[in-house]
Amino acid sequence: MEIKAGMKISNMNNLRTSTETRKYGVVGGLLFRGEDQFLVTCYHCVWCDGLSWDSFNNEQNIEKTKVGIFDGDWYQLIGHIEYAVRDEFADLALIKIDKEQNVEIIEQNLLNCLNHAKPPERDYSDTILNIRGVNGRCKFGIFSGYQNRVKFEYEQEEHSFSELITISQNGIFFDEPFAVKGESGSFIKCGTDEIIGILLGADEENKTFFALPYQAIKNTINQWLNQDIIS
């Protein structure tokens, strides 16, 4: 089984529910550390009822940390939540792929991508951005700025973030939305294929899309590694 960015991902408990009510997102990128392999996505994409945001790795929550990928009614366990952050700066999860799962990673190591990426500049105005959607094709929007102290609602819960990137639907040749429900976790890239953030969601009218900035991804991974491995 091949795993790549853009595949649908969810908590295994959610995958046992109907597709209409299922909470899910997509694989944003893949990270290799020694022999271990990890997927990166938004934490709210792999959360399930009863899973504690603050203590997901305790014994009572072990079953609730299991994560799988799916397509329609087909799904498969791939691993568990190894590390996660959900606070005013980030909403991210690192999913460790279980070694007994027969998977093949066909993406570039995210650590290399982030180490060679430049932090997003403040003058990205009107830059065309893209994500790889769940259908595998790139979808496009336009960078429209940054917002500070943004209140954002998902899964009927309001949360405040210190800073978010905003992407506008307005502009050129758009015959489909920049993103739709279930595409949270996608990496936002600019025309040079530089990662500048990770998709979080959209406003109620799906005209403005929100993303956690590059810095949130970098800081979360560095905290997990307990060192500044990403410069």
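Does Gly171 qualify as being of a type outside the set (Phe, Trp, Tyr) and modelled with pLDDT under 70?
Answer is yes for this residue.
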Given the structure, is Gly185 in contact with a Ser or Thr (Cβ under 6 Å, 6 or more places away or on another chain), at pLDDT 65 or above and part of a loop (DSSP other than H, G, I, E, B)?
-> yes
(1) modelled with pLDDT of 80 or more; (2) acidic (Asp, Glu); (3) outside any strand (DSSP E or B) all hold for Asp123 apart from (1)
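Identify, from the list His116, His80, the residue that is at pLDDT below 65 and farther than 29 Å from Lys151 by Cβ. Spell out how you get there, then give the answer.
Details: His80 fails: at pLDDT below 65.
So the residue among His116, His80 that is at pLDDT below 65 and farther than 29 Å from Lys151 by Cβ is His116.
Those residues that are on the phi > 0 side of the Ramachandran plot and either surrounded by 24 or more Cβ atoms within 10 Å (Cβ to Cβ) or in contact (Cβ under 8 Å) with a residue 60 or more places away in the chain (or both), I need them from the range 178-196; list them, please. Write out each step before concluding.
Taking the range 178-196 first, the residues on the phi > 0 side of the Ramachandran plot are 182, 185, 193.
Answer for the range 178-196, where residues must be on the phi > 0 side of the Ramachandran plot and either surrounded by 24 or more Cβ atoms within 10 Å (Cβ to Cβ) or in contact (Cβ under 8 Å) with a residue 60 or more places away in the chain (or both): Gly182, Gly185.
The values are calculated or read from the model by the stated rules, or taken from the named source; none is laboratory data. Just so you know, these numbers come straight off a predicted model, no measurement behind them. Counting neighbours? That spans all protein chains shown, and the Cβs are built from the backbone with ideal geometry, glycine included.
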